[in-house]
Structure formats: C-alpha cells, structure tokens
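The values are calculated or read from the model by the stated rules, or taken from the named source; none is laboratory data. All figures in this text were calculated on a predicted structure; none of them were measured in a lab. Methodologically, a virtual Cβ is constructed for each residue, glycine included, from the backbone with ideal geometry; neighbour enumeration extends over all protein chains shown.
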Amino acid sequence: MGATLVITLLTDFGLRDPYVAEMKAVILSINPSATIVDITHLVEPFNVRMGAFLLASAYRYFPKGSIHVGVVDPGVGGRRRPLLIKSRNYAFIGPDNGLLALAAKLDGVEEAYEITNPRLMLPEVSKTFHGRDIFAPVAAHLSLGVEPSEVGERVQSFKEPSFARPRLEGSRLLGEVLYIDNFGNVVTNIAEELVKELGAKAGDELSIQVGECEFRCRFVKYYSMGEPGELLSLVGSHGFLEISVNLGKASERVGAKLGDLVAVERF
C-alpha cells in the first residue's frame, strides 16, 4: 500500500473527555510525522448510522491512501470484530458493526481483514477502549508502510446493515433515511448512481414515501429551483438523494426519522 501520513478520526467521544487526545497520542508515539485530521467527534453517542453517513460524506475528499479510523462502537469488548477494509483508494479501520461499510462500498471494497496481530496493538488492550488500544496503533503502523495483510486474517465478508444496501427494484428505489442535517434536509442512503438508474431528470415529478408519509415532489438540481416553501427532491453535495424544502425544514414537513424506509418512483 505504501507509506502515507494522513490519518482521519471520526468518533462519538465528544470534546470534553481525554479519549480523542489519547488516540492521537498513540498515533504520534508510533509515527510522529503523521498528519491527523478530525472529521468529527460529535456523532450522537452509539449512533452507527449517523457515523456511517458522516464518514461516507467526508472520506473521498482526502488524499488517496489516507487511513480513516472510525469509532462508534457500542459493542466494544464483545463479539464484534476489529476490522480493516482496504478499498480502491483508502483504508478504513474500526469495529465490524456497519460503521465502515457504506464508505468502503462507495469507494469499492478490495479486501478486508480481522485485526488480530498483537504486535500492531498496544501491549495492554482494554475491554472498553479499542479506539486507543487497537485502531489507533494499527492506523499508525499502516501509515508507516505496514501492509493491510499483516494486521490479521483476511475475511470474506463484513457487516452490511440495511443503510449500506439501497437498491433499485423494478421501477422503485428503496432505501432509508440516513441523516437529517441542521437545515432539516432529509438525507437518504440512495446514491446518485441509483437515481440515474431510475432515469430521474431535473423537472421530473417523483412519488416518494418516507415512513408513513407519501407525497409527490419535483426532482431538481438545486434548492432555489423551487418556490419558497416547496417540497423538493435532489442529489445533495455528498451524492445522496435528499428531501428538502426551499427555505424550510423537510424533516418537519414529512415527519422523517432516522431509519425510516424510503421508496421513490418516477411519474
């Protein structure tokens, strides 16, 4: 894979406690030249879906070869595996709970490994802080040129929750609500490529169901193509289909919640 110096961190640790600093300290103790970038540490605690969306939104803007470490890990110390996924352009390190799956699949998965090599971990591994004791040191060693295959045994599959598996069935796009942003935009897990497969073009009218709410709206290129207060659909800046209201909050209009099922058809 070759040496790289960029390591990103995404967690639900918040900013008050020392956990993020401890992960950075471990990385810098192994590779003092590493560049560490915080994607966010304000993922809602234990919200794997939210973390997966934020990671999938940000990963592609980093230099190729960057190592992305994600820690939203309610199953830490349990039976879930520590995982490294090598995609076409990046490495993703974190728990095998779906956090990494969406981003890795979007970039194109090449191989995956269960992290088991104790030489790449801290000498003492706690049951409650794998971010510091496993994921951070493995990322640091990878940034120094350690090959992914050295972290442990290759695995043939990893956990792919429903939010990592949107699909086109006949004439319907099926997915779910992945994220609701500060503006009330309802972001789905349906990527732009699937919207193209549906054949939706700017100006088309779509029939959309979000949870129990069914409605029709125009598919547009940008928010201001709609009248103030108009319900719209479009592909947002991170490449996912979203439901929006021009100068309003779509989440309140349609009563959307994270995980709500989404179905989309063309008229």
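State whether one or more residues within region 46-53 are assigned to a loop (DSSP other than H, G, I, E, B) and more than 20 Å from the chain's Cα centre (by Cα). So that I can check it myself, show each step before the final result.
From region 46-53, those assigned to a loop (DSSP other than H, G, I, E, B) are 46-47; that's our starting set.
Then drop every residue that is not more than 20 Å from the chain's Cα centre (by Cα), which leaves none.
The answer is no, given that none of the residues of region 46-53 is assigned to a loop (DSSP other than H, G, I, E, B) and more than 20 Å from the chain's Cα centre (by Cα).
Quick one: GLU176 ticks every box in (1) under 30 Å from LYS24 (Cβ atoms); (2) outside any helix (DSSP H, G or I) except a single one, so which number is it?
Failed condition: (1).
Kindly evaluate GLY78 against the criterion of being on the phi < 0 side of the Ramachandran plot, out of contact with any His (no Cβ under 9 Å at 6 or more places or on another chain) and in the same structural domain as LEU144 (by TED's automatic domain parsing). I'd like the intermediate steps shown before the answer.
On the way: on the phi < 0 side of the Ramachandran plot: yes; out of contact with any His (no Cβ under 9 Å at 6 or more places or on another chain): yes; in the same structural domain as LEU144 (by TED's automatic domain parsing): yes.
Spelling it out, GLY78 is indeed on the phi < 0 side of the Ramachandran plot, out of contact with any His (no Cβ under 9 Å at 6 or more places or on another chain) and in the same structural domain as LEU144 (by TED's automatic domain parsing).
Kindly indicate whether any position in region 136-145 is of a type in the set (A, V, I, L, M), touching a residue at least 40 places away in the same chain (Cβ under 8 Å), assigned to a helix (DSSP H, G or I) and surrounded by fewer than 23 Cβ atoms within 10 Å (Cβ to Cβ). Working first, answer last.
Going residue by residue through region 136-145, those that are of a type in the set (A, V, I, L, M) are 136, 138-140, 142, 144.
Applying the additional criterion that residues be touching a residue at least 40 places away in the same chain (Cβ under 8 Å) yields 136, 138-140, 142, 144.
Applying the additional criterion that residues be assigned to a helix (DSSP H, G or I) yields 136, 138-140, 142.
Cutting the leftovers down to surrounded by fewer than 23 Cβ atoms within 10 Å (Cβ to Cβ) gives us none.
No, that holds for no residue.
Report, by residue number, each residue of region 215-235 that is part of a loop (DSSP other than H, G, I, E, B) and either crowded, with 18+ Cβ neighbours inside 10 Å or more than 26 Å from the chain's Cα centre (by Cα) (or both). Even if it seems obvious, please write down each step before you answer.
Within region 215-235, the first condition is being part of a loop (DSSP other than H, G, I, E, B), and the residues that meet it are 220-222, 226-230.
The answer is VAL220, GLY226, GLU227, PRO228, GLY229, GLU230.
Touching a helix residue (DSSP H, G or I) at 6+ places or on another chain (Cβ under 7 Å) and assigned by TED's automatic domain parsing to the domain that holds GLY184, is that true of CYS213?
Values: touching a helix residue (DSSP H, G or I) at 6+ places or on another chain (Cβ under 7 Å): yes; assigned by TED's automatic domain parsing to the domain that holds GLY184: yes.
In short, yes.
Please determine, by comparing only the residues of region 74-87 that are within 18 Å of VAL155 (Cβ to Cβ) and touching a helix residue (DSSP H, G or I) at 6+ places or on another chain (Cβ under 8 Å), which one is surrounded by the fewest Cβ atoms within 10 Å (Cβ to Cβ). Can you show your working first?
The initial filter retains those residues of region 74-87 that are within 18 Å of VAL155 (Cβ to Cβ), namely 75, 78-87.
In the following step, the residues that additionally are touching a helix residue (DSSP H, G or I) at 6+ places or on another chain (Cβ under 8 Å) were identified as 82, 84-87.
Values: PRO82: 23, LEU84: 29, ILE85: 25, LYS86: 22, SER87: 20.
By that ranking, first place goes to SER87.
Of everything in region 25-45, what is part of a loop (DSSP other than H, G, I, E, B) and over 17 Å from ASN182 (Cα atoms)? Give them in sequence order. Reasoning before the result, please.
At the first step, the residues of region 25-45 found to be part of a loop (DSSP other than H, G, I, E, B) are 31-34, 41-45.
Those that are part of a loop (DSSP other than H, G, I, E, B) and over 17 Å from ASN182 (Cα atoms): ASN31, PRO32, SER33, ALA34, PRO45.
Kindly evaluate SER57 against the criterion of being touching a residue at least 12 places away in the same chain (Cβ under 8 Å), in a helix (DSSP H, G or I) and farther than 30 Å from GLY239 by Cβ. Talk me through it step by step, then tell me what you get.
Numbers: touching a residue at least 12 places away in the same chain (Cβ under 8 Å): yes; in a helix (DSSP H, G or I): yes; farther than 30 Å from GLY239 by Cβ: no.
No.
Tell me the residue from GLY199, GLY203 that is touching a residue at least 60 places away in the same chain (Cβ under 8 Å) and either exposed (fewer than 12 other Cβ atoms within 10 Å of the Cβ) or assigned by TED's automatic domain parsing to the domain that holds ALA52 (or both), please. Step through it out loud before you land on a result.
Numbers: GLY203 fails: touching a residue at least 60 places away in the same chain (Cβ under 8 Å).
Only one candidate passes the filter, namely GLY199.
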